[in-house]
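The values are calculated or read from the model by the stated rules, or taken from the named source; none is laboratory data. Keep in mind the model is a prediction, meaning the values are calculated, not measured. All Cβ positions, glycine included, derive from the backbone under ideal geometry; neighbour counts span all protein chains shown. Surface areas here come from the heavy atoms of the whole protein model, side chains and all, with no ligands, DNA or RNA. Shrake-Rupley method; radii C 1.70, N 1.55, O 1.52, S 1.80 Å.
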Amino acid sequence: MSSFTWDYCAKSACARSKCVFIGVKCILRTIVTGLYGFHVKFCTIHSWAARSSLADWSLLGVRLLRRPRPLPPCARALSPPLQQQPFDSLAEKPQFPGASAEFVDHLEFIQPNVISGIPVYRVMDRQGQIINPSEDPQLPKEMVLNFYQKMTLLNTMDRILYESQRQGRISFYMTNYGEEGTHVGSAAALDPEDLVFGQYREAGVLMFRGFPLDLFMAQCYANVDDLGKGRQMPVHYGSKDLNFVTISSPLATQIPQAAGAAYAIKRENTNRVVICYFGEGAASEGDAHAGFNFAATLECPLIFFCRNNGYAISTPTDEQYRGDGIAARGPGYGMLSIRVDGNDVFAVYNATKEARRRAIAENQPFLIEAMTYRIGHHSTSDDSSAYRSVDEVNYWDKQDHPISRLRHYMTARGWWGEEEERAWRKQSRKLVMEAFERAEKRQKPHPDLLFSDVYLEMPPSLEKQKESMWRHLQQYREHYPLDHYEK
Amino acid sequence: MAAAVRLLLRAGSACNASSVCAPHTSTQRRHAAHFTFQPEPVPSQYGPTQKMNLFQSVTSALDNTLASDPTAVIFGEDVAFGGVFRCTVGLRDKYGKDRVFNTPLCEQGIVGFGIGLAVAGATAIAEIQFADYIFPAFDQIVNEAAKYRYRSGNLFDCGNLTIRAPWGCVGHGALYHSQSPEAFFAHCPGIKIVIPRSPVQAKGLLLSCIIDKNPCIFFEPKILYRAAVEQVPMESYQIPLSQAEVLQEGSDITLLAWGTQVHVMREVAAMAQEKLGVSCEVIDLRTIQPWDIETVCKSVVKTGRLLVSHEAPVTGGFAAEISSTVQEECFLNLEAPITRVCGYDTPFPHIFEPFYIPDKWKCFDAVKRMINY
């Protein structure tokens, strides 16, 4: 399978009027309602439908959301439950505690709308041109160059570490090809103190925050420098200093955890937000439902960021859900939601920035569904040619890639050219190769670290087990790779 | 749910174990509890005491915690109004609705949320309404909470998390209000499991769990919530974890149990002394994981016989682990095979509970067989 690089010109794509994100057929629109800053508005389905020209819009939320729901732009303290109207048995309104709605006298099932679903917010077109200048965040040159360099450095690291697994140097790897925009756009919109819960395909967030190449490599090689002490498979990164909670393999478990962390942070009153990343596949897990419901009900300052990349290993989205993706679930929980073009780093940035501002000000969660495409295989244990066509993958790699779209934006402003590209390509590769070579030479952690940190203190029974292991090793040492491990 | 609560509240008012209520009509009265709770001497080292039953001693521990730790929060189903077993009565009014609050009905959410609170530095006290309902949270407990510190290289941990759940038989709880699931969790390194036998023990052990920097599961014997009444210190105090307690010294056989079953074993010890002249050493394990191997083995070395008893089904129950370890450590000291008197390998039955539970007669009979081995 060819390695996917960012250095492909994307001039030839004709602008299509329909977006082709796998699984979600929707019409590309920019939402131009303004409130603050970048004029990004999170729609309740009701207000979006009011603006929509689609006569057949009848998403689930329309009828249910006719309840009087106040949405003040200012801070909202613990608000009273919506259904506490005074009990009035004479009124011809429903009095049920469970919902605030009107009566209706004709039978009609609400049609879930998946043909023209929630629209995809974008700032740039596929050629990197700004569509609506008032949506351009107008970030300074240094910041945009940094976005580009972080995305491309990640891409370079991915290519080298993927290869290193193929060569048997590391045991496993997962690339981030195609999703770099979701990482960098969202990470850039956060504060360094904001707490990040990830799934496993968010290395760009950590890279953006400054996690050094040496520590990425150390975790993948499980060497003495690994902050995780060599206990987990590659790509299970974590950093206390950078507020990035260590990745775990079970999917979606981080979602209710993020809600709890956000609740704690709300009580601390420190103007921090929690962001929780997950894929569209993980969103099917029960933990996702639990996390969304808790965050909304308990009023947690939290951004749920779903990377909808079209596949959960081999399972395409039409085998993952029947509704309108993940964004459409948000209103069901009472959550403000938006769908964005995940390959448009400015759209991701704008949406995350506004979500952050409001989540903290109003103590409520926001759901961002970033549509994107997983260009690479699921992992080094996967060969995706078994379930999708090379043509499909090539489209995304060549015609709609976050890195090339941003490069077009930069070159149009004269901020980047062939020379800078050549120089940076060389430098980034050198940085990665040097870190790689250093990491290869390092030893593995001391085998005592097999036994520590199970509890804060080591129980006597575990001490005994450790001693028995060393006694065994003394007698049978030639059968164990002790030379590679720290003494 | 409300009906279940009413039934359970009636359980505490049954007559004591040594008499059977005389039926007034031809229909059979429900049986009294299978043991009698004996309050222990008033502890003097922890300051002034007050008469409390077990649920009140839990409330007291939680009250002390909320007063001294501003980050502490209590949450779960129905905790706001006081809880289905009244363990959180008065706390929301006293400490505020941001600190004592209901969650949606979702155990995986409750534990996941609790883990997140703990990771962010708050003291999280999660209530699972019945231990029987803890299983949706099994993944969060076993794959996440237990492994948080280890897998992150000690960068992150959820040591500030304590999960509380009512546990054990109650006379009529049947399959889903009687379970003792400690064995499922004992198999998982990284969490602590603690089960008290009395109000004084409950408060001290719960406070130790809350303070302990590891995620803890605290199982509260629901049959003791109202039935167990003692003088309990009002101030905060801690009883150490991973320390078993020898309640009664003896020379012929060691009787080991935890929670409600400790009271059954005490009665068995009295019966054995009276009817067989056998001197029993009674031990309350208190912490199931990590358990106090040293105290138990020291006792077995002395007595040569070990009887372990729990309500949970015998196969794969925690008595199996104890049995295996003790025979490894004390093989040559054993005068008889280690015996387990436990629930049968069935779900916990309703009308058959009197036949199912490891009552004092079954334990007494086991003692007799072991002495005569």
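Chains B and A: how much accessible area gets covered up at their contact, both sides added, probe 1.4 Å, in Å² to the nearest hundred?
Protein heavy atoms only, the B-A interface buries about 3600 Å².
For every helix of n ≥ 4 consecutive DSSP H residues, a contribution of -39,500 (n - 2.57) applies; sum these over chain B, divide by its total residues, and give [θ] at 222 nm rounded to the nearest 500 deg cm²/dmol.
-9000 deg cm²/dmol
Per-residue counts of other Cβ atoms within 10 Å, averaged by peptide: what ranking do you get for B:35-46, B:51-62, A:159-170, highest first?
B:51-62, A:159-170, B:35-46
In bins 5 Å wide, starting from 0, what share of all Cα pairs of the range A:143-241 does each bin hold, as a percent?
Going out from 0 Å in 5 Å bins, the range A:143-241 shows 2, 14, 25, 26, 20, 10, 4, 1 percent.
Which aspartates and glutamates have a Cα less than 14 Å from the Cα of B:K302, not counting those fewer than 8 places away in the same chain?
B:E249, B:D252, B:E281, B:E294, B:E329, B:E335
Just reorder A:H378, B:H187, B:H263 by solvent-accessible area, largest first, 1.4 Å probe, all chains present.
B:H187, A:H378, B:H263
Considering only A:H106, A:I131, A:F147, whose Cα is most displaced toward the positive end of the charge dipole of the range A:86-235, charges sitting on Cβ of Lys, Arg (+1) and Asp, Glu (-1)?
Farthest along the dipole direction, towards plus: A:F147.
Helix B:199-211 sits at what angle to the longest principal axis of chain B, using alpha carbons and giving 0 to 90 degrees rounded to 10?
For helix B:199-211, the angle is close to 50 degrees.
How long are the semi-axes of the ellipsoid equivalent to the range A:339-426, from square roots of 5 times the Cα gyration tensor eigenvalues, in whole Å, largest first?
28, 24, 11
Normalised by the number of residues in the range A:272-391, what is the relative contact order in percent for Cα pairs under 8 Å and 6+ residues apart?
In percent, rounded to a whole number, it is 33.
Please list log₁₀ I(q)/I(0) at q = 0.06, 0.11, 0.12, 0.13 Å⁻¹ for chain B, using the Debye equation with identical point scatterers on the alpha-carbon positions.
Values, matching the q order: -0.22, -0.74, -0.89, -1.04.
Any chance you could list P(r) for the range B:211-359, counting all Cα-Cα pairs in 10 angstrom bins from zero, rounded to whole %?
Reading the bins upward from 0: 10, 37, 36, 15, 1.
Counting only DSSP beta bridges with both residues in the protein assembly as shown, what percent are antiparallel, rounded to the nearest 5?
Of all bridge pairs located within the protein assembly as shown, approximately 20 percent are antiparallel.
How large is Rg over Rh for the protein assembly as shown, taking Rg from the Cα atoms and Rh as the Kirkwood inverse mean of 1/r across Cα pairs?
1.03
Provide B:Y344, A:Y121 ordered by accessible surface of protein heavy atoms (probe 1.4 Å), highest first.
Sorted by accessible area, descending: B:Y344, A:Y121.
Quick one: Karplus J couplings for the range A:174-185, per residue in order, coefficients 6.51, -1.76, 1.60, θ = phi - 60°, nearest Hz, x for Gly and Pro?
10, 8, 10, 3, x, 10, 4, x, 5, 5, 6, x
Name the residues whose placed amide hydrogens come within less than 5 Å of the amide hydrogen of B:N102, ignoring near sequence neighbours (fewer than 5 apart) on the same chain.
B:A80
Share of the protein assembly as shown's accessible area from carbon and sulfur, percent, 1.4 Å?
Answer for the protein assembly as shown: carbon and sulfur cover 53 percent of the accessible area.
Taking the alpha-carbon centroid of each part, what is the distance from the range A:347-388 to the range A:226-283 in angstrom?
Value for the Cα centre distance between the two parts: 15 Å.
Over 21 Å between Cα atoms, which of A:K487/B:K147; B:K192/B:K360; A:K464/B:K192 qualify?
A:K487/B:K147; B:K192/B:K360
For A:K266, go through the aspartates and glutamates and keep the ones whose alpha-carbon is under 19 Å away, minus same-chain ones fewer than eight residues off.
A:D191, A:E193, A:D194, A:E299, A:E354, A:E362, B:D69, B:D98
With the dipole of the protein assembly as shown worked out from charges on the C-beta (+1 for Lys and Arg, -1 for Asp and Glu) around the Cα centre, which of B:A227, B:W167, A:H408 lies farthest toward the positive end?
Selected residue: A:H408.
Computed FRET efficiency, Cβ-Cβ of A:S171 and A:K93, R0 60 Å: what is it to the nearest 0.05?
It comes to 0.45.
Please list the non-local residues whose amide H lies under 5 Å from the amide H of B:Q238, H modeled 1.01 Å from N, same-chain partners needing a gap of 5 or more.
none
Which lysines does B:K51 reach when only Cα atoms under 25 Å apart count, and residues fewer than 8 places away in its own chain are ignored?
The qualifying lysines are B:K94, B:K203, B:K222.
Against the longest alpha carbon principal axis of chain B, how many degrees, from 0 to 90 and to the nearest 10, is the axis of helix B:2-11 turned?
Once rounded, the angle reads 40 degrees.
In nm², what is the average projected area of the convex hull enclosing the Cα atoms of the range A:350-487?
Value for the range A:350-487: 16.9 nm².
Hey, got the dipole for the range A:207-246? About the Cα centre, +1 on K and R Cβ, -1 on D and E Cβ, debye to the nearest 20?
140 debye
Dividing the convex hull volume of the alpha carbon atoms of the range A:212-284 by its residue count, what do you get in Å³ per residue?
Roughly 110 Å³ of hull volume per residue.
So what are the ³J(HN,Hα) numbers for the range B:307-320, from phi and the Karplus equation (6.51, -1.76, 1.60; θ = phi - 60°), rounded to whole Hz, Gly and Pro as x?
10, 10, 9, 8, 6, 5, x, 5, 6, x, x, 5, 4, 5
Calculate the tail of P(r) for the range A:166-210: the fraction of all Cα-Cα distances greater than 16 Å, expressed in %.
For the range A:166-210, the fraction of Cα-Cα distances above 16 Å is 42 percent.
About the Cα centre of the protein assembly as shown, what is the dipole size in debye to 20, counting +1 per Lys and Arg Cβ and -1 per Asp and Glu Cβ, all else neutral?
Its charge dipole is roughly 1080 debye.
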